[in-house]
Amino acid sequence: MFDTLSERLSGTFRKLTGKAVLSEENIQEALREVRRALLEADVALAVVKDFTDRVSLRAVGQEVSKSLSPGQAFIKIVQAELEAVMGKANAELDLKAAPPAVILMAGLQGAGKTTTVGKLSRYLKQTVKKSVMVVSADVYRPAAIQQLKTLASEVEVEFFDSNESQRPSDIAAAALAEAKRKFIDVLIVDTAGRLAVDAEMMAEIGDLHAQLKPIETLFVVDAMTGQDAATTAKAFNDALPLTGVILTKADGDARGGAALSVRHITGKPIKFIGMGEKSDALEPFYPDRIASRILGMGDVLSLIEEAERKVDKAQAEKLAAKIKKGKGFDLEDFREQLKQMQNMGGVASIMDKMPGMGALPPGAASMVDDSKFRRMEAIINSMTPRERRNPDALNGSRKRRITQGSGTQIQDLNQLLKQHKQMQKMMKKMKGGKMANMLRGLGGMRGPGGMGGPGGFPGGGMPPRF
């Protein structure tokens, strides 16, 4: 997300950073570039105008002229204004209500609303430690109820059954009564979506809102629709007292216009952002971290939090002990490191959150291809346990069998073995307590270097070369 915008802004800032003094002419030239970059990112015109006006007002004033490093001061102003556009801080869910706290989900068909209900349920259960019940009041879309039932089973939360012959109001009333009977903390109600905003839809969801009196009414919108997402959110907000927005499919949106437009146009905060299809791919929306990511400064806090949630600490401890004893780093260990990276969303996702990405040449980050890592894992999976522990035993016939089994080429296997050799050498140099301490600190440190391994990759493994 934000790849295009980040590249454009990074290029603009590189021109400014080398200047000893910033004149009004320099600033206006930079602002023209910023304006163009925002418009290309599909940010709403009203938002772009307000944003650039505010940056200009601050930049040509005292803040930059008195600064020892005017280029950096300008970047700081842009960062602060980006945060202001998206909201100063993460807006948490308000669950301070007599149980069950009701969350009403609204949105157009195809935005990923039902999938988001499943993700939000998992988040509330695992992170907020709440008991959750979900119910579908969508009696129009075929298989909507079954889809939610499957998701509820996957994330292990309560599901209240309903069917297409019932009225949405009756489903909601019965679900609320059942949630009270079972002392459920949170009831999430999935509503029907349409292909476009219509009066019938708004009347139905308005009636449900009046009936349930939800403490949270969340609008789910597809980030890839750009500024149309903000326009649709405004239409819903005019008809319904929304409390927040959830952006879905943000991992597929390289522009980021929706994230920068929704808050300004609706006045409602973005509370969560969907970054993938898996049930754990829902993140709280932190404007300050997103602004930092847009400007190529990384998002180390989110990276560490993700490592704490998703990296297998027992496996890291096991590898640390093995290295400390001076035992070899075999292909079983290498495969485990590849899995850890995939658990964290792949190398592209990790790089997106690492500081310094803005300094890379344009397009460099997009060249990272996670399919290479999946191919490496497939090759190792095609080996026998003995071959993984002793890759030196691989002769020509074994290599042919492995590549045929993994659907790869001999050169792919040779490249993997070369990379593994390099990692083995690095591990031997650090076989004392140094590497072990790094691995042991994985997920437990919050200071500089807290990712537990060289280059910030899980388990201390360096990323394979591209």
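Out of all the residues in region 168-208, which are open to solvent by less than 20 Å² (accessible area, probe 1.4 Å), more than 26 Å from residue 221 (Cβ to Cβ) and part of a helix (DSSP H, G or I)?
Passing the criteria: only 179.
So, in region 92-102, exactly how many residues are assigned to a loop (DSSP other than H, G, I, E, B) and either of a type in the set (S, T, N, Q) or crowded, with 20+ Cβ neighbours inside 10 Å (or both)?
Of the residues in that region, 2 qualify.
Do you know which residues across region 226-272 are open to solvent by 60 Å² or more (accessible area, probe 1.4 Å) and part of a helix (DSSP H, G or I)?
Result: 227, 228, 231, 234, 238, 251, 263, 264.
Tally the residues that are touching a Gly at 6+ places or on another chain (Cβ under 8 Å) and charged (D, E, K, R), restricting the search to region 86-108.
Residues that pass the stated criteria total 0.
Only one residue in 22, 39 is modelled with pLDDT under 80, surrounded by 13 or more Cβ atoms within 10 Å (Cβ to Cβ) and over 14 Å from residue 82 (Cβ atoms). Which one?
Unique residue meeting the criteria: 22.
Residues being of a type in the set (S, T, N, Q) and assigned to a helix (DSSP H, G or I): count how many of those fall in region 376-414.
7
Quick check, is residue 440 under 19 Å from residue 338 (Cβ atoms) and either modelled with pLDDT under 85 or buried (at least 17 other Cβ atoms within 10 Å of the Cβ) (or both)?
No: the conditions fail for residue 440.
Where the second residue is surrounded by 15 or more Cβ atoms within 10 Å (Cβ to Cβ) and of a type in the set (D, E, K, R) and the first is within 20 Å of residue 229 (Cα to Cα) and in contact (Cβ under 8 Å) with a residue 24 or more places away in the chain and lies in region 34-57, which pairs have Cβ atoms under 6 Å and are six or more apart or on separate chains?
37/8; 41/255; 42/255; 51/81
Please go through region 143-161 and pick out each residue that is part of a helix (DSSP H, G or I), free of Cβ contacts under 8 Å to residues at least 60 places away in the same chain and not basic (Lys, Arg).
The answer is 144, 145, 146, 147, 148, 150, 152, 153.
Given the criterion part of a helix (DSSP H, G or I) and either modelled with pLDDT under 95 or buried (at least 23 other Cβ atoms within 10 Å of the Cβ) (or both), identify the matching residue among 123, 140.
Just a single option satisfies the conditions, and that option is 123.
The values are calculated or read from the model by the stated rules, or taken from the named source; none is laboratory data. Just so it is clear, the structure is predicted and the values come from calculations on it, not from any experiment. Neighbour counts are summed over all protein chains in view; Cβ atoms, including those assigned to glycine, are modelled from backbone coordinates with ideal geometry. With ligands, DNA and RNA removed, areas are computed over all heavy atoms of the protein, side chains included. Shrake-Rupley method; radii C 1.70, N 1.55, O 1.52, S 1.80 Å.
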